[in-house]
1. Just how far, in whole angstrom, is the range 214-278 from the range 310-353 if you go by their alpha carbon centroids?
2. Which of rounded, prolate or oblate describes the range 51-209 when judged by the alpha-carbon gyration tensor and an a/c cut-off of 1.5?
3. Please give, to one decimal in nm, the separation of the simple spin-label points placed at D284 and R466, each 7 Å out from Cα toward the Cβ.
4. Over the chain, with the other protein chains present, what is the accessible area per residue in square angstrom, probe 1.4 angstrom?
5. Could you tell me whether the range 201-263 comes out rounded, prolate or oblate from its Cα gyration tensor? Rule is a ≥ b ≥ c as square roots of the eigenvalues, rounded for a/c under 1.5, then prolate if a/b exceeds b/c, otherwise oblate.
6. If Lys and Arg each add +1 and Asp and Glu each add -1, what is the summed charge of the other residues whose beta carbon sits under 11 Å from the beta carbon of L374?
7. Step through the table entries K158/K288; K454/K494; K158/K213, compare each Cα-Cα distance with 23 Å, and write down the pairs that go over it.
8. Between helix 32-43 and the chain, what is the angle of the helix's C-alpha long axis to the longest principal axis, kept within 0 to 90° and rounded to the nearest 10?
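The values are calculated or read from the model by the stated rules, or taken from the named source; none is laboratory data. Worth saying up front: this structure is predicted, and the values here are computed from it rather than measured. Here the Cβ is made from the backbone with ideal geometry for all residues, glycine too, and neighbour counts use every protein chain on show. For the accessible areas, the whole protein counts, side chains as well, though only heavy atoms, and no ligand, DNA or RNA atoms are used. Shrake-Rupley method; radii C 1.70, N 1.55, O 1.52, S 1.80 Å.
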Amino acid sequence: MSSHRVVADPSGASLAAEGCVGPRFLIIGAGMAGILSAVKLQEAGLTNVAIYEKASALGGTWRENTYPGVACDIPSHLYSYSFAPNPNWSHVFSPGAEIFSYFEEVARRYGVDRLIHFGAEVRLLEWRNGLWHLETNNGETDEGEFVIAATGVLHHPKYPDLDGLASFEGPVFHSARWDHSVPISHRRVGVVGTGSSAVQIVGAIVDEVAALKLFQRTPQWILPIENPPIDEEDQKRYQADPNAIEVLRKELAQTFEAHFANAVVDAASSEVKVLEELCRANLDQSVKDPALRERLRPDYRAACKRLVVSSNFYDAIQKPNADLVTEAIDHLSPTGIVTKDGALHELDVVVLATGFRVDRFLRPMDVVGRGGVLLDDVWADRPSAYLSLSVPDFPNLFMLNGPNGPVGNFSLIDVAELQFAYVEQLVAQVLAGRCREVSATHDALERFEAERVKAAQKTIWVSGCRSWYLDDRGIPAAWPWSFDHFRARMAAPKLEDYELVG
Ligand code: N01
């Protein structure tokens, strides 16, 4: 450990430092959770921090998703750091570019931007002699006592395995790799997929394109939520009185917890039934043509897949230049998409809104733990981590928004803040000299996995649909308990579930 003295609160619950440096923290990723970690470490006086970011800009998902219509489906005043409320949000659900600017501004304000090594993709993390050794693809190396993996969940685009994809002569790109050099005005655009990304894209581009074809493999339930602008008067009120934002945040958090986060983990809950009713009424009232309405009607329960919210999707798909294609895709030809019935849908541009590989986390980097254990081997079947943040034999490495954590229907910022406060308490064990290494025990992880898999049987996610929540066994890779339970588990670590070494 560095010679600079770092002191821990005698309770072990909070951190403080004397001098400007202490143990070194290597943060992987300069997205929402990476920025949060750097802010919180500095706040605790732990200033020996480096952030490694593979791209040339910060912002994570908000840097990568720039497709037309991109926005967060968590209200902006809730999808903000608790320590950095933003009185100036333009909409209840503000656009992606505004969220991106918010993260840039917070990073600048808290001096996080100067800690970031851009263009530095971590290719190796290896635990050697009590330190994490890091190597990047551009030849940088570093060493530190702690690693915070803030690598995101919805990060690696999933490209569909469609025959003839390469033969299509026009531009083809993934929703998270939108090619802004490709004009779409007055062109024929095909969108593959009907998740949150596709629904936002369709609503945003339908009036601009000549023809829009939406290739639907599975219909979605759509929850109608309006997105009004926040007027100047309210913005001024929030500027003058930060407490007003705090009150609003509390209200929003309560609403989201009660009606979404806590509801979806109980398929029999009355709140889920309310969501189902709202979605059914939305479809019945919004779509005039009975045949189209039935083609848009899912045969599974609302919220089984990640619930899609939209105030304009049904309008968009009923426009004269829009066409819902429900026949399965057979292949792509040089001029368009050919469906199983042999029809050629001629297109100029194809957008693959086909989702993400959600089992990657730290990968593809090589992570080598104690005794040469490879994370790739440990996760050969599927990723797992105790409470989604610690893996046995990978000491002093903590994940934010790691495997099987709360991923949907609540602000991931709140999730990451609670996780970080928990991680700080584990780090405090080391800083207080109680140990040099801390990681979950094998037994704790096994117990957690067994409990999680059992609890998942009650959730709406296993009520009969295909979704990105489900792992290769059909078990939701998500937190299957209420948000209150998550908050309670994050309040303080049970140290008996951790191996404290040295
Ligand atoms: O991805 P998805 P997404 N042939 O995985 C279809 C967050 N997010 O990017 O349902 C044909 O949900 C697939 O079909 P099916 C949010 O958490 C949030 O839209 O599997 N189709 C599905 O329709 C969200 O849940 C926001 O049958 C194929 C679609 O592609 C998550 O990101 C905005 C196919 C993929 O849907 C992911 O959303 C955007 C194939 N071979 C994203 N392969 C907001 O905050 C896949 N599909 C608003």
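1. About 30 Å separates the Cα centre of the range 310-353 from the one of the range 214-278.
2. Values: a/c = 2.56, a/b = 1.39, b/c = 1.84.
Oblate.
3. A separation of 2.9 nm, rounded to one decimal place.
4. 40
5. Working: a/c = 5.39, a/b = 1.64, b/c = 3.29.
Oblate, since a/c reaches 1.5 and b/c is not below a/b.
6. Local net charge: -4.
7. Details: K158/K288 34 Å; K454/K494 21 Å; K158/K213 20 Å.
Distance filter (> 23 Å) returns K158/K288.
8. So the inclination is approximately 30 degrees.
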